[in-house]
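Below is one structure, written out as structure tokens; comments come after it.
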């Protein structure tokens, strides 16, 4: 009986991980497609691309890790590797394999920091996207964006001596915040709309 129960629990965990991975990958890749279309449209119209000022895929990092925990990291990594590879023909080069990992790990780092100073806003998963606790997500977004800027800039400097200006670092910092916040507000609006309609 114990063996059957253990086998059932293991199968449940595998199915749960598969579900989390599918949702995470689909959500992240969708945001990559939307973000890429915005960049390509701006380029074709001769306008300065504004993609770095609103990096939408960052929302997948924040929301999926906050909702699903570390289980979401493998699917996020896969989506963020395949996104540029398919949509931009590997525009970022081999270094992106490491910078993507650093960018994703900025979110758990932010969560660990916040928990260490007393935040407990991720203990309850119900009704996560609402106007009662969205400010907590904004705190995660801002701190993760700061860590991301530090991690990636430091890595590029140490590996190939890239001297990234403060203006570029600041632009990417803001882009992570604005992109994730726009997606969060959009999803919150959809949730409220469904609640009103129902």
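Computed from the coordinates by the stated procedures, all read-outs in this text should not be read as laboratory data. No experiment lies behind these values; they were computed from the predicted model shown. Using ideal geometry, Cβ is built from the backbone for each residue, glycine included, and neighbour counts are taken over all protein chains shown.
Some observations on this one:
- Put in order of Cβ neighbour count within 10 Å, fewest first, the listed residues 12, 176 become 12, 176.
- Neighbour-count order for 157, 77, fewest beta carbons within 10 angstrom listed first: 157, 77
- Shape of the stretch 141-182, Cα gyration tensor, a/c cut at 1.5: prolate
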